[in-house]
Amino acid sequence: MKEVPVRTLIALAAVLCLGLQSLAQDSRPIRLITDPALSPNADRIAFSYLGDIWVVSSSGGDARRLTENPARDSSPSFSPDGTQIAFLSDRDARRQIHVIPSTGGIPRRVTLNTEGYGLEEWLPDGQGFLTLAQRDHFWRRAARFFVRPMDGKKAEQLLFDGYGRDGCLDAGGNLLLYTREGAPIYRKQYAGSQESQVWLFDRSQQTHRLLRKGNGGCRYPLWTETPGEFLYVSQADGTFNLYRGRLNDDSDQQLTHFKDDGVLFPAISRDGSKVVFRRLFDLYSLDLTTPSQPRLLSVTDGSDPIVKEHRNAVLEAASDVSYSPDGKECCFTSGGDLWVMDTVLREPVRITSSPEEERSPLFLSYDEILFVSDEGGQSDIWRVRRKDADKWFWQQEEFELDKLTDDADFERDLRPVPESDEVCFTRGRGDLILLTPSTGKSRRLLASWNTPQYDFSPDGKWIAYAIEDGNFNRDVYLAPLDGSRAPFNLSRHPDSDSSPAWSHDGKVLAFVGRHWRNEADIIYVHLTQAGEDEDARQRKLAKAIKAMAKRKRAQTNKDEPRKTNPPEKSNKKSADSTKKTKTLSVAIDFEGIRDRFHRISIPRSFESGLFFWPGEDKLCFQAEVDGKRGLYTVTFPDPLRPKLLTSSSLRNRKPLREAKSVCGLSGGSPAVMDKNGRITKHSFRVKISYRLGDIYRVIFDQAWRAMRDGWYDPRMNNKNWDEIRRKYAPVAEQCLDVSSLSAVCNMMLGELNGSHLGFRMSEGSLPGERRPSRARTWSLETRHLGCRFDPTWKGPGLKVKDVIKKTPASRSTSRIRVGEIVLAIDGKPVDPGIDIATVLTVDPDRFLKVKVQDAQGATRVVSMRPTTYRAVRSLLYDRWVADNEKKVEELSGGSLGYLHIRGMNFRSFEKFEEELFRVGYGKDGLVIDVRENGGGSTTDHLLTALTQPEHALTLPRGGTEKDIGYPQGRRIYATWSKPIVVLCNQNSFSNAEIFSHAIKTLKRGRLVGVRTAGGVISTGGMSIMGMAFIRMPFRGWFVLPTGEDMELNGADPDVTLWPAPGEWPSGKDQQLAKAVELLSDDVATWKARPRPKLRYRTER
């Protein structure tokens, strides 16, 4: 071997050192760590990041990835001896517990039940885990604490039948710290009945004790090494800080003193020496052995990145499109950028390549395209022109771009104004703005807090628009663009009207209106009295004269001498261009205009998306006729019967007046539809590269801006919203996965301390990117027989405690009875010591053979296909309601009825109407329960049934005093005028709270239970770049007597009672008992009220 000179070795060593230094410098910071866990001796931290489990020194530094899998791994926990780490993963089925050596290795799955698990921690003896899992114990908040043995074949042991979270066992395994209730983790400074509470459960005594509550919530309880001492997080000083407490002492010690941003996800070492937690985006540690301050930990990743920051994509779909006037070129947005192409070659040319999103393209002319861009972090209108005047747009190599607007308002939906140099767009909440591109000057046409639906008259002098008023009723208005008269409310109806569309000659306006009970139909109006009076013969005569005029023009052209110059060299003015063309001028007779309304009735269909075909008397609309959904047309003045134009979809439709066709998107491809409904697609395919952080920054900015413009309270929780952007935007750009970005956006939303907030984003692609198809597959599932077993039974077999109605075990062909014993399932013996999932995790379509022993000792085999746990939990709701009905019947001696309103939706309301007669028949009072009701929109329908004015009584011939009443058929709904009491609790939310407030405001009855959550804002939502969704609370609700915001202002019961842990599942309900007691008193008072004696006229 040839010898290498020493100087060469020195040089190589220097290069190597520089390389190592470069690698060290290239270590990337790891932020937004979740689920930190300390090793028993506090020397290492395990955590979840980018869907994998990592380990790092407790002093920080480069972290090492322990797992690497496309699935999501989370919730690591060190074994008591520190040699193993348990974690959750969905790699095989819904979250299962896996174990891996703490130094690395191959993970081993130790659980089976496909209902999944939450991993709280290892048991103190290292022989299993404390878990949180949903099974079949209750219909609501079904998660329960279990001891899960390491041996996956052994049965899991229920700690107690009640809900909770954040469980932690003491060193002896007997005392469980846990929490109940709790607002979203990123929500700051919430104060209300959903504040988290810290509880203690004694396993040996089977008792519960409330340890800490109030102060904006107490959460994350952790035992220290000192017996009876624990840590927890509280907002007592306005920020979530760490406190030390003792079981028999309320004088707690505050350990951290952060302001504004507090402690998240704390974890303690088993030796009690150290705590780690996250604050904002980074990890901190706190030494508990000596008085000290939290220390910021620098955690980095020096390995080769698994998640690539720069990515490639293939775009094959557009999110919006606009065609040139002749339909031969189109510009479209895809992947957030603006592109242009012709319709033959179809090789897209990229106009913009910024990270920010471009949208709403408008092909204004052959020389000019307008679009909206978020370039520079704000939404503005831009113009692009051809740089080379001798080439078409799709042939350009460079473009001239200039900004036409420059303001912070959100701008969108560019549209041309007919016969005008102006374009229209929507700004902010819903203002309509007219812009002249040649001068850059703009003017406001309409001020609105909601987005209008509108159409311009063909002469560009009028606008028809539909907007909502303060009562959220939408009407159609007419207004001149020059402001020469005030807007005219055309529809003026208590039900909402929408989708106005102007005919091509400006003589007819059509819109959708629900003017006939619940039926929404097309309404059209002749805008002049002359148009209304014109009969069929006059219309035919006009048509005949128009046809003869075409012949005359054709004959004139035939007699003219042929031109010798080729078309491209001839004068640009055509032979007909010098002829005087008739200028269209729209006329409107406002006098008696509503008398000219006509209806196009299509039964059992909701029409939408109205537009007139360019140059045609054909009105187009989306509808479902005779069960077939599609684009339909009616032609004026023919008999207005709908005809199917096409069942194919064309989104983002825009007229091409010169080409007399319509363009839009079909299956994501730019497309043009002709008047016969034929769609020609102009598909494309382009390759791009992008940086993930740029896309995430844009998504964050759009979410931030959406809240700035849409959050119901413009004071933004008294926060500087620009400062909030500066706080979170840089971290959003550093995110490398959807989970991290979602966390940043939800932290931003948490600054508002509001309800109905949330940002969600699933793993996906850029808008327009080709998505890989997923193979269809199936997997084993843990199923349920429909019966539950006695936990005190020692065997043999499993003794049936109860059978759930409408499950396989309740059917006559596969019935299993209470008290019988299940001995085997598919030939495998079962007993209380085995995990039932080992025999019930099967093909979901498979029938099982169940061996059953009856009370006399005889055995039989029944065949059944098990149901799902989810179905059983839903059926447990029906059982709970039936049990409550029975309790009220017993407690009231049969004089009171009970009904539960599960949700404020029409399905629940229809059920309410049915139940009102069934449970209220012959009763004197009614217990109405809205506990665990998450809200909706039907409060006013319920109140109509419960507060119907009583103005008269009726008595038929032959009737007695018990028949005095009022004809039900005259009422709007089934009604109840007798006394009521309403049950509410901390999980009565949104519209259920509005209902509770209304019952108090109207003095209709008393409330019993717990103060409602204080989460009342009307909410909607919006898409972010087609990749994410953000909820948008936009309308506040205020209590009528006081004017106070209902947000953070729950409805207070007349009697407050908190149920103890496990009460409801055990059949106890002190709130219900108190409601019956109060209502019985109210009924007695009601019965004693003075009643008029009915007197016939002959008795006067």
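The values are calculated or read from the model by the stated rules, or taken from the named source; none is laboratory data. Predicted model only: the values in this text are computed from it and were never measured. So basically every Cβ, Gly included, is an ideal-geometry build from the backbone, and we count neighbours across all protein chains shown.
Can you report the number of residues in region 944-964 which are over 22 Å from K1087 (Cα atoms) and outside any loop (DSSP other than H, G, I, E, B)? Residues meeting the conditions: 1. Selection of first residues in region 611-624 that are basic (K, R) and of second residues that are part of a strand (DSSP E or B), restricted to Cβ pairs under 6 Å at least 6 apart or on distinct chains, gives the following pairs, ordered by first then second residue: K618/T633; K618/T635. Looking at K851, is it surrounded by 15 or more Cβ atoms within 10 Å (Cβ to Cβ), in a strand (DSSP E or B) and either in contact with a His (Cβ under 8 Å, 6 or more places away or on another chain) or basic (K, R) (or both)? In short, yes.
Only strands (runs of 3 or more DSSP E) whose full extent lies in region 68-174 are considered here, and the ones with at least 2 residues that are more than 18 Å from I53 (Cβ to Cβ) are 128-134, 143-149, 165-169.
For the condition surrounded by fewer than 23 Cβ atoms within 10 Å (Cβ to Cβ) and among the aliphatic types (A, V, I, L, M), V1016 does not qualify. For V1083, the conditions (1) surrounded by fewer than 19 Cβ atoms within 10 Å (Cβ to Cβ); (2) within 30 Å of G959 (Cβ to Cβ) all hold with the exception of (1). Within region 917-939, which residues are in contact with a Phe, Trp or Tyr (Cβ under 9 Å, 6 or more places away or on another chain) and either within 21 Å of W1058 (Cβ to Cβ) or in a helix (DSSP H, G or I) (or both)? If the condition is that a residue be in contact with a Phe, Trp or Tyr (Cβ under 9 Å, 6 or more places away or on another chain) and either within 21 Å of W1058 (Cβ to Cβ) or in a helix (DSSP H, G or I) (or both), then V919, G920, V927, I928, D929, V930, E932, N933, G934, T939 are the ones that fit. Does T633 satisfy the condition of being assigned by TED's automatic domain parsing to the domain that holds W339, of a type in the set (S, T, N, Q) and not in a loop (DSSP other than H, G, I, E, B)? In short, no. Residue count for region 849-886, restricted to those that are touching a residue at least 40 places away in the same chain (Cβ under 8 Å) and either of a type in the set (K, R) or over 17 Å from D136 (Cβ atoms) (or both): 7. For region 189-228, filtering for residues that are more than 30 Å from D1045 (Cα to Cα), among the charged types (D, E, K, R) and outside any strand (DSSP E or B) leaves 2. Right, R788: surrounded by 20 or more Cβ atoms within 10 Å (Cβ to Cβ) and in contact with a helix residue (DSSP H, G or I) (Cβ under 6 Å, 6 or more places away or on another chain) or not? So R788 does not fit the description; no.
The residues listed here are V321, V314, V340; of these, the one that is of a type in the set (V, I, T), within 36 Å of the chain's Cα centre (by Cα), farther than 30 Å from E229 by Cβ and at pLDDT below 95 is V314. Against the condition among the small types (G, A, S), at pLDDT 95 or above and not assigned by TED's automatic domain parsing to the domain that holds T838, how does G152 come out, does it pass? Spelling it out, it is not the case that G152 is among the small types (G, A, S), at pLDDT 95 or above and not assigned by TED's automatic domain parsing to the domain that holds T838.
Number of residues in region 274-306 that are among the hydrophobic types (A, V, I, L, M, F, W, C) and loosely packed, with under 14 Cβ neighbours inside 10 Å: the value is 2. Set side by side, the residues D559, D589 differ, and just one is modelled with pLDDT of 85 or more, more than 28 Å from L656 (Cβ to Cβ) and out of contact with any His (no Cβ under 8 Å at 6 or more places or on another chain), which is D589. Check region 332-342 and report whether any residue there is surrounded by fewer than 21 Cβ atoms within 10 Å (Cβ to Cβ), more than 30 Å from A71 (Cα to Cα) and in contact (Cβ under 8 Å) with a residue 40 or more places away in the chain. Yes, the conditions are met somewhere in region 332-342. For region 887-908, taking the residues that are in a helix (DSSP H, G or I), in contact with a strand residue (DSSP E or B) (Cβ under 9 Å, 6 or more places away or on another chain) and not acidic (D, E), the one that is surrounded by the fewest Cβ atoms within 10 Å (Cβ to Cβ) is identified as F906.
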